[in-house]
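J.: Structure below; questions to follow.
The values are calculated or read from the model by the stated rules, or taken from the named source; none is laboratory data. Since this is a predicted model, take the numbers as computed values, not measurements. Reconstructed Cβ throughout: ideal geometry from the backbone, glycine too, with neighbour counts over all protein chains shown.
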Amino acid sequence: MSAAKAKMREKKMRNQPASVQYTSSDVESRAENGGEGDDVRVTGGQSDAHPSWKKQQTPPVRHGWVRGHHNGDGGYDTEMPNHITAGAFARARAAEVSAMLKAATELTCSSHVFRALPKHMRRRAMSHNTKRLPRRLRNMANRMREKSLQAGLKKKKELVKSKSRKARRRHGNLLLEFNRRQRKNIWLETHIWHAKRFHMVKKWGYCLGVRPTYKCYRPCYRAMSSHCLLQDLSYYCCIELKGEEDKLLAALTQLTCKEAGPTFAAAMFLSGARQGSVTVYRAGQYPSDPLGPVTFLWRPQTPGLTPRQLWIWAHPALKQDLLPELQSVCQCSEAMAPPVEPEVSRAEADPAPQAEPNPDNELKAGAKRKRCCKDAGEPPAKRILGDGTRLPTSPVTWRSSSTGIVINDLTMEIVRYRLIGPQSHSVLAETLEAATVCDELKSSPFWWPEHCKDRSNMKLHQQQTDVFNVLKGIYSSGELPPGTVLGLTVDDPRLTLPRQKVKAAPCVNQDQGDEEKRNQLMLKGVPLQCCQSFLWEQSVRENVTDNKISEQEMNRMRSELLVPGSRLGPGPQQGRVPVLLVHQPGKQVGDELGSWGSGWDLLLPKGWGMAFWVPLVYRGVRVAGLHMSLKHSQDKAAPHFPHDYPDCPAGSRFQEEQEAEFLETFRRRPPAKRTNYIKHGCLAPFRCPWQQLAEEWELLATDGGAERKGDGQTQKARKSHEVMEEVTSQQTVAAASPPSFTVLRNRKSLRLLSSWCRPLTCRGQRRGRGAAVALPLSDSAVTSFHAAHKMSVVWVRLTLLSKGKPEAHAMVCAPTAEDLKLFGKSPENCGPQEPPHKDHYKSRINHKKKSSKTATPSQVSDDPTASTDPHSPSDLILGLWPDPLPSVASHCSRVTLGWVTQGDFSLSVGRGEALGFVSVSGLLHTLLRQPPELRGTLLLRNPTSLHYRFVRLNIDV
Amino acid sequence: MVRVKSRYLLCEINVSDRRDLLKLDDRAVAGSVKAAVARTHGDYGAALCSIRFCVKYLNAHTGIVFLRFHKGCYKLLWSALPFITSIECRGQIIPCFLNCLHVGGTIRTCQKFLIRYNTRQLHQMLPKYKNKEEKRKIQEAILSCSLTGGGNKALEDELESEEEDDE
């Protein structure tokens, strides 16, 4: 019995009487006394300190034999009187009675007082209200209650008494509370809408919705492929660069390279008619040190303005790397203080909002009341628009004195919504209506009437409206040239909000005149002058944000309409919002499903987020979170930013986080229920050691090149294994830091590699896009290619040829010659099996467990010797390889070429599809040995399985 | 509630010589009960007696013993108790017989019964004794059979009420 259990039992039995009897040694002595000794009656019940009667009663002098007369106890009368003495009899009874009394009435302290009561006397809530107990038990109950309360107090802090719910929900207080909660993480404008419907996470300093609380996987896919899916991408950071065109380009060309695709300077993008995307590198470091992908948009050149304006949109995980790099490239070190003190800080400074002195009895008209408040200069607790986490004094603008470039951080200044799907243009067409012209002669605080006075502005607006009307008629969003930009000024979309949710349908009028315009639009895109928008102007943005009519105001105006339920007319004070529509290209690479997942991005000035969000939702779009944007890029076979950029700092950070998270979930399972990855031959189930893989293949390729000629393939595999052994031993000896791995982004090389990967007798050759240019796959071509791209990995798409669902971190392996022979015979063949590996660490862990169980203090001294062992058992986890991994490439029976970063059953293809990286050297090495008709056939194995499946490798350019 | 149910027999051991009482111990009592059951009911009885049988309490001065039996078979085992004529303890054979005073479902009811039984005995003794000295001793004993302490007045009340009921 454990100590605690014994203690418990002792506590319980404290009041119970022990048997009254004598051990053999003191029977005689007691018999002499004839049971009349006074102390005899003391029973175990009364003697809490002396649990046993026997011990207590053993007289200390009387062990062994005693000779001679003893005075103390009158010891020699062995004769007990034959008759009963009343006193002794009575005393014995009395002692027993009191012992029994104690046992029967006193409680063991573990139980509540009221358990002493019979059932029919128990009352509800006795444990809370002691007055419900009989009076005789109250004292004890009170004592116990105090005791338990004190114990509770120690653990729990006393809760701060909060205001009543009604007070908390009052608008001003609610806003203050929201503002407090936004101080750590930025809230998007649609946060509250999302928080009611989505699982939220705190990521990259924002609160973002991951996925809806309702089931959405297939509906979202269906929306993406047939209707429209909406996402709030306002968390993307916008960085504005202003300056002379040549100076800007000179600075920015350091960050990019033409080899990896069109850069900032490409004519198409520079005009401002298209949005471009590019991978940014650290200045002048092209093949290595990438930062991440950005999209950018030039402002179309206006005749009057010479300095150009450029917006660079970057993922928030990338911003902290990108912004310093841009500053150093543009030599912008001079921070400019923010010009206006934001009102938010003042509102937060005085938490009690006495902002509204007595507006209600003074004025009834809401519009005037608002202005009145402004005149009084007392801003109420105001909604935070934009970045609430930033200090109001921290700079957002940097200027360079030498080049004149100004960098402006527009994070959260512009709202960006993404609509994905072929019908996204019809949703936009139904939601947005081009702004109605208002001709008012007197000057007003709103920007639109002022603009209406200018004839050229009106002409531009008319052109943009025409283009927008033509846009309604196209069949699918994917038909437009990728990256098309359309500037527009629209009415407040709340005015045309439908009463019920409707599903936006494509417009079907097929006019002959429109047909021509439509073709023009589809072929050439939006004319250049229509790409201009007033969203680029900061003053207009601020004016629009400030003059937004609140929801409350809007409803009041609706209620004052003459005919209830009719539409509000666009008056002068209703806002006109400049927006930018940016076409988002769908799947651009690969042969199948061209332009799948294309759509539009809607750029709005801040503050108007919800005003556009709800009307969009009312057009029957489906809203998705981060989860779906990952799936979207996966179906497009495009790398998704932090996940699939392992060479970028943000990507490696993400990988570490992901590994820690996976490891945490793995360790939470009971050891017997965990997958033993060692037995599955999976070295790194939670991360991909790209660096190690690239290094190993590098060494293998240089060593293997010499031996290639004489060896057959089966020997080769074994050879490579031996080589790997050497490699690992070499690595441990000479740990010089080799160059880090790179991801191959050179378009020419990618095209070449892509043509090599295609099987010769397959359909792919007929397309002949790369085949005409490509060199045939030969030893010399491979060596030269390899020399150019050492230590690099390449982004590939793998399509499963049979069933199977690839998972993340699955291994991409090279098939042996026998595998290929089998595959050639029956393509439906499921693929080879990996023989199970042996877990050598298991015994060590078990041993450690055993030793720790039996460990005594003397054994602890042995531990230092044990910890000198490289894999000391303390950091071993059952089922995972300890940290210095053995050779990753040749650990299994088939050599590993790379890993999968994203894999799932693809709903668009109807088959398992995986995306990942493979080592270039490994891939070339494998391709050379494959028969031409089976070129590009590889094996894929999930980390939790021993089964290899055949996959077709595609490199999409 | 859900629990293992037992029957507790409150028995009195009657001996011819009072001095022999002090030599008893619980193991000897248990042994003799088992032997008696085996003798009267054979192997079946012996087996039943091995289920949850134990001597919960033995007072060597008053000769009170609590026997616990399984509830399912206590009647059978009980029927063997009259056949105990002697208890062998420490090499000595003590002639005795068991007299069952009470059968209870819990040990607590047995204790309560014992309290009542003993106090009644003492009260009955009191008027019979003529010797002043002994009478005083008995009175002392009666007074002493209550728990001392402030919180137990109520218990005394309870006890008194019980006594009243008995009379």
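J.: Could you list all residues from segment A:540-561 that are touching a Leu at 6+ places or on another chain (Cβ under 8 Å) and assigned to a helix (DSSP H, G or I)?
T.: Within segment A:540-561, the first condition is being touching a Leu at 6+ places or on another chain (Cβ under 8 Å), and the residues that meet it are A:541, A:545, A:554, A:557-558, A:561.
The answer is A:Arg541, A:Thr545, A:Met554, A:Met557, A:Arg558.
J.: Hey, another quick one. Kindly list the number of the only condition in (1) under 26 Å from A:Met100 (Cα atoms); (2) surrounded by fewer than 19 Cβ atoms within 10 Å (Cβ to Cβ); (3) not β-branched (Val, Ile, Thr) that fails for B:Asn59.
T.: Among (1) under 26 Å from A:Met100 (Cα atoms); (2) surrounded by fewer than 19 Cβ atoms within 10 Å (Cβ to Cβ); (3) not β-branched (Val, Ile, Thr), the lone unmet condition for B:Asn59 is (2).
J.: State all residues of segment B:1-30 that are more than 14 Å from chain A (Cβ to nearest Cβ), over 17 Å from the mean Cα position of the chain (by Cα) and not β-branched (Val, Ile, Thr); if no residue qualifies, say none. If you could, list the steps in order and put the result at the bottom.
T.: Of all residues in segment B:1-30, those more than 14 Å from chain A (Cβ to nearest Cβ) come to B:2-7, B:9.
From what's left, over 17 Å from the mean Cα position of the chain (by Cα): B:2-5.
Of everything in segment B:1-30, those that are more than 14 Å from chain A (Cβ to nearest Cβ), over 17 Å from the mean Cα position of the chain (by Cα) and not β-branched (Val, Ile, Thr) turn out to be B:Arg3, B:Lys5.
J.: Of all residues in segment B:80-95 being within 14 Å of another protein chain (Cβ to nearest Cβ) and assigned to a loop (DSSP other than H, G, I, E, B), which is farthest from B:Leu21 (Cα to Cα)?
T.: The selected residue is B:Gly91.
J.: To continue, here is another question. Answer with yes or no whether B:Glu167 is surrounded by 14 or more Cβ atoms within 10 Å (Cβ to Cβ), more than 9 Å from chain A (Cβ to nearest Cβ) and either over 23 Å from the mean Cα position of the chain (by Cα) or at pLDDT below 80 (or both).
T.: no
J.: Can you tell me which residues in segment A:236-280 are of a type in the set (A, V, I, L, M) and in contact with a strand residue (DSSP E or B) (Cβ under 7 Å, 6 or more places away or on another chain)? Give the derivation first.
T.: From segment A:236-280, those of a type in the set (A, V, I, L, M) are A:239, A:241, A:248-252, A:255, A:260, A:265-268, A:270, A:273, A:278, A:280; that's our starting set.
A:Ile239, A:Leu241, A:Leu248, A:Leu255, A:Ala260, A:Ala266, A:Met268, A:Leu270, A:Ala273, A:Val278, A:Val280 - these are the residues of segment A:236-280 that are of a type in the set (A, V, I, L, M) and in contact with a strand residue (DSSP E or B) (Cβ under 7 Å, 6 or more places away or on another chain).
J.: Mind listing just one residue for me: the one in segment A:94-117 that is farther than 13 Å from A:Leu137 by Cα and at pLDDT below 75 and, of those, farthest from the other protein chains (Cβ to nearest Cβ)?
T.: Of the residues in segment A:94-117, the ones farther than 13 Å from A:Leu137 by Cα are A:94-104, A:108-111.
Right, trim to at pLDDT below 75 and you get A:108-111.
Working: A:Thr108: 12, A:Cys109: 14, A:Ser110: 16, A:Ser111: 13 Å.
Looking at the filtered set, the residue picked out is A:Ser110.
J.: For the list (1) in contact with a Ser or Thr (Cβ under 6 Å, 6 or more places away or on another chain); (2) buried (at least 20 other Cβ atoms within 10 Å of the Cβ), I need the number of the one condition that A:Ala637 fails.
T.: A:Ala637 satisfies all of (1) in contact with a Ser or Thr (Cβ under 6 Å, 6 or more places away or on another chain); (2) buried (at least 20 other Cβ atoms within 10 Å of the Cβ) except (1).
J.: Scan segment A:654-675 and tell me whether some residue there is surrounded by fewer than 18 Cβ atoms within 10 Å (Cβ to Cβ), out of contact with any Pro (no Cβ under 7 Å at 6 or more places or on another chain) and among the β-branched types (Val, Ile, Thr).
T.: If we filter segment A:654-675 for residues that are surrounded by fewer than 18 Cβ atoms within 10 Å (Cβ to Cβ), which is where we start, we get A:656-675.
Cutting the leftovers down to out of contact with any Pro (no Cβ under 7 Å at 6 or more places or on another chain) gives us A:656-675.
In the following step, the residues that additionally are among the β-branched types (Val, Ile, Thr) were identified as A:665, A:675.
Among the residues of segment A:654-675, at least one is surrounded by fewer than 18 Cβ atoms within 10 Å (Cβ to Cβ), out of contact with any Pro (no Cβ under 7 Å at 6 or more places or on another chain) and among the β-branched types (Val, Ile, Thr), which makes the answer yes.
J.: Return the only residue of A:Ser755, A:Ser778, A:Ser740 being modelled with pLDDT under 85 and touching a Ser or Thr at 6+ places or on another chain (Cβ under 7 Å).
T.: Values: A:Ser755 fails: touching a Ser or Thr at 6+ places or on another chain (Cβ under 7 Å); A:Ser778 fails: touching a Ser or Thr at 6+ places or on another chain (Cβ under 7 Å).
Exactly one residue qualifies, and that residue is A:Ser740.
Quick grid of which residues meet (1) exposed (fewer than 13 other Cβ atoms within 10 Å of the Cβ); (2) over 30 Å from A:Asp232 (Cβ atoms); (3) modelled with pLDDT of 85 or more; (4) among the charged types (D, E, K, R):
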residue: A:Glu146; (1), (2), (3), (4): yes, yes, no, yes
residue: A:Leu149; (1), (2), (3), (4): yes, yes, no, no
residue: A:Gly152; (1), (2), (3), (4): yes, yes, no, no
residue: A:Lys156; (1), (2), (3), (4): yes, yes, no, yes
residue: A:Leu159; (1), (2), (3), (4): yes, yes, no, no
residue: A:Ser162; (1), (2), (3), (4): yes, yes, no, no
residue: A:Lys166; (1), (2), (3), (4): yes, yes, yes, yes
residue: A:Leu176; (1), (2), (3), (4): no, no, yes, no
residue: A:Glu189; (1), (2), (3), (4): no, no, yes, yes
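J.: I've got another one for you. Filter segment A:191-217 for residues that are surrounded by 17 or more Cβ atoms within 10 Å (Cβ to Cβ) and part of a helix (DSSP H, G or I) and give the result.
T.: A:His191, A:Trp193, A:His194
J.: One residue is enough: does segment A:612-625 have a residue meeting the conditions in a loop (DSSP other than H, G, I, E, B), within 21 Å of A:His640 (Cα to Cα), in contact with a Gly (Cβ under 9 Å, 6 or more places away or on another chain) and in contact (Cβ under 8 Å) with a residue 60 or more places away in the chain?
T.: So far as segment A:612-625 goes, yes, one or more of its residues are in a loop (DSSP other than H, G, I, E, B), within 21 Å of A:His640 (Cα to Cα), in contact with a Gly (Cβ under 9 Å, 6 or more places away or on another chain) and in contact (Cβ under 8 Å) with a residue 60 or more places away in the chain.
J.: If you don't mind, another one. Are any of the residues in segment B:134-147 more than 13 Å from chain A (Cβ to nearest Cβ), loosely packed, with under 13 Cβ neighbours inside 10 Å and out of contact with any helix residue (DSSP H, G or I) (no Cβ under 7 Å at 6 or more places or on another chain)? Spell out the reasoning first.
T.: First, pick out the residues of segment B:134-147 that are more than 13 Å from chain A (Cβ to nearest Cβ): none.
No, every residue in segment B:134-147 fails to be more than 13 Å from chain A (Cβ to nearest Cβ), loosely packed, with under 13 Cβ neighbours inside 10 Å and out of contact with any helix residue (DSSP H, G or I) (no Cβ under 7 Å at 6 or more places or on another chain).
J.: Right, here's the next one. Look at A:Thr256 and say whether it is without any contact (Cβ under 8 Å) to a residue 24 or more places away in the chain, surrounded by 15 or more Cβ atoms within 10 Å (Cβ to Cβ) and of a type in the set (Ser, Thr, Tyr). Lay out the reasoning, then the answer.
T.: Values: without any contact (Cβ under 8 Å) to a residue 24 or more places away in the chain: no; surrounded by 15 or more Cβ atoms within 10 Å (Cβ to Cβ): yes; of a type in the set (Ser, Thr, Tyr): yes.
No: the conditions fail for A:Thr256.
J.: Identify, from the list B:Leu77, B:Leu98, B:Leu67, B:Leu114, the residue that is away from every other protein chain (no Cβ under 11 Å), closer than 24 Å to B:Ala36 by Cβ, in contact (Cβ under 8 Å) with a residue 40 or more places away in the chain and not in a strand (DSSP E or B).
T.: On the way: B:Leu98 fails: not in a strand (DSSP E or B); B:Leu67 fails: not in a strand (DSSP E or B); B:Leu114 fails: away from every other protein chain (no Cβ under 11 Å).
Within the list B:Leu77, B:Leu98, B:Leu67, B:Leu114, the selection yields B:Leu77.
J.: Within segment B:34-54, identify whether any single residue is within 19 Å of the chain's Cα centre (by Cα), facing another protein chain (nearest Cβ under 10 Å) and of a type outside the set (Asp, Glu), and answer yes or no.
T.: no
J.: In segment A:572-588, is there at least one residue being modelled with pLDDT under 80, under 36 Å from the mean Cα position of the chain (by Cα) and not aromatic (Phe, Trp, Tyr)? Break it down stepwise before answering.
T.: Filtering segment A:572-588 for residues modelled with pLDDT under 80 gives A:572-575, A:588.
From what's left, under 36 Å from the mean Cα position of the chain (by Cα): A:588.
From what is left, the residues that are not aromatic (Phe, Trp, Tyr) are A:588.
Taking every residue of segment A:572-588 in turn, at least one turns out to be modelled with pLDDT under 80, under 36 Å from the mean Cα position of the chain (by Cα) and not aromatic (Phe, Trp, Tyr).
J.: Run A:Cys452 past the list (1) over 23 Å from A:Pro605 (Cα atoms); (2) among the hydrophobic types (A, V, I, L, M, F, W, C); (3) in contact with an Asp or Glu (Cβ under 8 Å, 6 or more places away or on another chain) and report the number of the one that doesn't hold.
T.: (1)
J.: Right, next: Quick check, is A:Leu604 part of a strand (DSSP E or B) and either more than 19 Å from A:His632 (Cβ to Cβ) or more than 25 Å from the chain's Cα centre (by Cα) (or both)?
T.: Here the answer is yes, as A:Leu604 does meet what is asked.
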